[in-house]
Amino acid sequence: MATDRQRRRSTPVSEPIRAVIDLDLPGARISRHIYGHFAEHLGRCIYGGFYVGEDSEVPNERGIRTDVVEALRDLKIPNLRWPGGCFADDYHWQDGIGPREDRPRMVNSHWGDVVEDNSFGTHEFMDLCEMLGTDAYISGNVGSGSVAEMSEWIEYLTRADDSPMADLRRQNGRDEPWKVPFFGIGNEAWGCGGNLRVEQFASMARQYSTYVRDHAGNEVYRIAAGANTDDLHWTEVLMESFDDLSDGDGRAAPFQALSLHYYTMTGGWQDKGSAREFDVDEWYVALSRALHMEKLLTRHGQVMDRHDPNRRVGLVVDEWGTWWNVEKGTNPGFLYQQNTLRDALVASVHFDAFHHHAHRVVMANIAQTVNVLQAMLLADAETGALVKTPSYHVFEMNTGHHDADALDVHLKGVPTRAADGGELPLVSASASTTGDEALISLTNLDHETTRTVELDLRGRDVIDLSGRVLSADGLAAHNTPEAPERVAPVALEGLRRTERGVEVVLPAHSYATVSLTLA
Ligand code: AHR
């Protein structure tokens, strides 16, 4: 028979953690665009994911898969970045307009070296955005495109009168201009986007941005290709390229934001780690590396603050998420990976970091929405199967943070664990309020220990509360067509009102949200 001591070891519990939140002291607005998405011509993201073609047996509207659109509507996707990624700097938009049978074919040299037929182009993408009710974020070609080509693309998309490009759009069946609020000036210019030095790219970004004009009342927010991970020099030089930022709102500058890319993996680029075969150590390495985002935002933010203390220039993390070795037997160039509970927690701690830095981070885009890297949906065009991943559920649980005001969460007594050469805090948190309501996000990173968090809520009375939790029976639990709900949110039972606020019992390896209605 087990002794008390042994029993305590097999069901670990811990000292309570305190989380102090001043509900009446809202901070920076959390832009809903932090919940943005990314869809590249890569593997089965566009072709076979979003787009199956009009002749497919999978239900579709004008070739776009209807169940994919329906599933994504629940995430209230605020913007969708397209067509790349590395693909964007090989893409010539005029090849993707007009009758499909006349469109030239092209080699997708970055991703599997496959030949594609350009059947999904500008009109199809804008149609998809309209179906999703999302803003378009077009990524323009600096690496192999011309200034004129980029200038004509925005004219084609957004011009209302009888200009040459507006006429061409009409000939291709679209009378009204579209709105394009976001435009990327290149992608990874330090790598696949041209292998440029930042000094050279900074001048090019100014030049290309100048010709991405505001037509017909369409106001474009231009995002220059920014740094890789911790390349602070890249951010420094791009920030130096701005003229006086002390006046106005930054709209007069050639571009309005810089991007940042960072991927989470447990190994290096040659062997990134397995998506679903990992041990406890790798669980913690992955989560430590995800938390590295917090440090990156602080460091790049400090560089930006020195040049731009009034925060006119935005930071856009337009590629983030896990990057694992591809699933066995799949094309290595297609970046198809499974998505487990670990990926979900990688997502939840990223969102905490974005919320903490809402004063500078204006947008972020998960890579990528369907069938590629840390996907929301795994879609099979042959069988018609569609699976929501654990990461999908974190995005859905967080819709209450969209355009809410960040609240500081002061955590006390959070235990840590040695991981990846540092100390990993085992609970992560963030919160926001819309005035009448507040949403609190809590991640328990501990692989085996239940954690109790005492929410010390100040400044407002709570009239109602509820909670949801995402966890599973294993760290590598994931969803499949046979078991689509193995990792899905359920009501959080462990909620209890206390004198100071609310006590939350967080199961081991879980993500929870607590919703409050405020008096
Ligand atoms: O998201 C996959 C690739 O990662 C993108 O094409 C590129 O920008 C980055 O290196």
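The set of residues in region 78-95 that are under 18 Å from residue 49 (Cα atoms) and without any contact (Cβ under 8 Å) to a residue 60 or more places away in the chain comprises 82, 83, 87.
Among the residues of region 312-333, just one is within 13 Å of the ligand (Cβ to nearest atom), touching a Gly at 6+ places or on another chain (Cβ under 7 Å) and assigned to a loop (DSSP other than H, G, I, E, B), namely 324. Checking each residue in region 308-343 for being in contact (Cβ under 8 Å) with a residue 12 or more places away in the chain, closer than 22 Å to residue 267 by Cβ and of a type in the set (D, E, K, R) picks out 319, 327, 342, 343.
Answer yes if at least one residue in region 324-339 is more than 18 Å from residue 295 (Cβ to Cβ) and within 13 Å of the chain's Cα centre (by Cα), and no otherwise.
no
Under the condition of being surrounded by fewer than 20 Cβ atoms within 10 Å (Cβ to Cβ) and closer than 17 Å to residue 135 by Cα, which residue from region 36-70 is nearest to the ligand (Cβ to nearest atom)? Going through the qualifying residues, I end up with 69. Answer with yes or no whether residue 64 is at pLDDT 95 or above, β-branched (Val, Ile, Thr) and closer than 29 Å to residue 226 by Cβ. In short, no.
Here's the yes/no breakdown for (1) touching a Ser or Thr at 6+ places or on another chain (Cβ under 9 Å); (2) β-branched (Val, Ile, Thr); (3) closer than 20 Å to residue 319 by Cβ:
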| residue | (1), (2), (3) |
| --- | --- |
| 40 | yes, no, yes |
| 45 | yes, no, yes |
| 51 | yes, no, no |
| 54 | no, no, no |
| 57 | no, no, no |
| 60 | yes, no, no |
| 67 | no, no, no |
| 77 | yes, yes, yes |
| 80 | yes, no, yes |
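From the list 155, 188, the one residue that fits, being touching a residue at least 40 places away in the same chain (Cβ under 8 Å) and more than 16 Å from the ligand (Cβ to nearest atom), is 155. Name the residue that is surrounded by the fewest Cβ atoms within 10 Å (Cβ to Cβ), counting only residues in region 229-258 that are assigned to a loop (DSSP other than H, G, I, E, B) and among the hydroxyl-bearing types (Ser, Thr, Tyr). Here the answer is 246.
For (1) polar (S, T, N, Q); (2) touching a residue at least 60 places away in the same chain (Cβ under 8 Å); (3) in contact with a helix residue (DSSP H, G or I) (Cβ under 8 Å, 6 or more places away or on another chain); (4) assigned by TED's automatic domain parsing to the domain that holds residue 446, each residue gets a yes or a no:
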site: 377; (1), (2), (3), (4): no, yes, yes, no
site: 380; (1), (2), (3), (4): no, yes, no, no
site: 383; (1), (2), (3), (4): yes, yes, no, no
site: 386; (1), (2), (3), (4): no, yes, yes, no
site: 390; (1), (2), (3), (4): no, yes, yes, no
site: 393; (1), (2), (3), (4): no, yes, yes, no
site: 416; (1), (2), (3), (4): yes, no, no, yes
site: 419; (1), (2), (3), (4): no, yes, yes, yes
site: 428; (1), (2), (3), (4): yes, yes, yes, yes
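Scanning region 77-89 turns up no residue that is away from the ligand (no atom under 16 Å from the Cβ), in a helix (DSSP H, G or I) and either crowded, with 19+ Cβ neighbours inside 10 Å or in the same structural domain as residue 112 (by TED's automatic domain parsing) (or both).
Among the residues of region 368-384, are any more than 16 Å from the ligand (Cβ to nearest atom) and within 22 Å of residue 256 (Cα to Cα)? No, every residue in region 368-384 fails to be more than 16 Å from the ligand (Cβ to nearest atom) and within 22 Å of residue 256 (Cα to Cα).
Filtered by the rule that a residue be within 16 Å of the ligand (Cβ to nearest atom) and either part of a strand (DSSP E or B) or not assigned by TED's automatic domain parsing to the domain that holds residue 177 (or both), region 98-132 gives 106, 107, 108, 114, 116.
Exactly one residue out of 259, 241 is closer than 24 Å to residue 42 by Cβ, in the same structural domain as residue 158 (by TED's automatic domain parsing) and of a type in the set (Ser, Thr, Tyr), and it is 259.
Inside region 158-176, residues that are part of a helix (DSSP H, G or I), touching a residue at least 12 places away in the same chain (Cβ under 8 Å) and small (Gly, Ala, Ser) make up a count of 0.
Counting the residues of region 471-503 that are within 24 Å of the chain's Cα centre (by Cα) and surrounded by fewer than 12 Cβ atoms within 10 Å (Cβ to Cβ) gives 3.
Among the residues of region 193-232, write down those that are among the hydroxyl-bearing types (Ser, Thr, Tyr) and within 15 Å of the ligand (Cβ to nearest atom).
Residue satisfying the conditions is 229 alone.
The values are calculated or read from the model by the stated rules, or taken from the named source; none is laboratory data. The structure displayed is predicted, hence computed values, not measured ones. All Cβ positions, even for glycine, are placed from backbone atoms using ideal geometry, and neighbour counts span all protein chains on display.
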